[in-house]
Amino acid sequence: MGDIVVQKIVRPERAVSGPWLEVIASNLDHHRATFLWKCEGLSEAQLRQRPLESSELTLLGLMRHLQGVERAWFQRTLAGTTPRFFPCRTYVTAAGDEWYDESDPTPARDVYEDYLKACEESRKVFARVTGDPARLVSSPEFGDTDVRFVLEHVIEEYARHVGHADLLREAVDGAVGE
């Protein structure tokens, strides 16, 4: 068990009614935990595995990406601060996108601990920046938008990448489940 990076994950129940911001916050935490649940019980080698021949995606690469999502959208866009991203080696794909270089030797446990830290930072920022959901913020990707859109976009990011994680996990060791 010493080589297992993500131990037992308990996914929180989602609020399905109530104040909008409470529903959004609980859904974000549910998606965060669902992503980690897809990584639960895997070794560093399994998290780095590229099980889909036609894709460079790995569970560890998704974890690196999601810490960036947390910091970019909550700290940079919503709070207007300069985030300190975890230093990961990246490269530019054939499509021109930047992605995480899986030859980066940073231990998976360090990436995991930083991901948890990024999520906690986002929870603190969430509490400070959501007082006015209609407040306009500027985003390099979408231009001027409001806080509500940014929060929905982060949920969209998680929904997309939890789907990727589901497929990767099944390909790594056959584990399935919602």
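When you scan the stretch 108-134, how many residues do you find that are surrounded by 12 or more Cβ atoms within 10 Å (Cβ to Cβ) and farther than 17 Å from GLU70 by Cβ?
3
From the list ASP97, ASP104, which residue is surrounded by fewer than 19 Cβ atoms within 10 Å (Cβ to Cβ), acidic (Asp, Glu) and closer than 20 Å to ILE4 by Cα?
None of the others qualify; the one that does is ASP104.
Filtering the stretch 89-110 down to residues that are in contact with a strand residue (DSSP E or B) (Cβ under 9 Å, 6 or more places away or on another chain), among the hydrophobic types (A, V, I, L, M, F, W, C) and at pLDDT 75 or above, which residue is farthest from VAL137 (Cα to Cα)?
This residue is ALA108.
In the stretch 59-88, which residues are closer than 19 Å to VAL5 by Cβ and touching a Ser or Thr at 6+ places or on another chain (Cβ under 7 Å)?
The answer is GLU70, CYS88.
Working only within the stretch 35-59, note down all residues that are under 22 Å from ARG11 (Cβ atoms) and in contact with a strand residue (DSSP E or B) (Cβ under 8 Å, 6 or more places away or on another chain).
Residues satisfying the conditions are GLY41, LEU42, SER43.
For residues in the stretch 121-176 being among the aliphatic types (A, V, I, L, M) and part of a strand (DSSP E or B), which is farthest from PRO51 (Cα to Cα)?
Among those that are among the aliphatic types (A, V, I, L, M) and part of a strand (DSSP E or B), it is LEU136.
The values are calculated or read from the model by the stated rules, or taken from the named source; none is laboratory data. Computed from a predicted model, the values in this text were never measured in an experiment. FYI the Cβ positions are ideal-geometry reconstructions off the backbone, even for glycines, and counts take in every protein chain you see.
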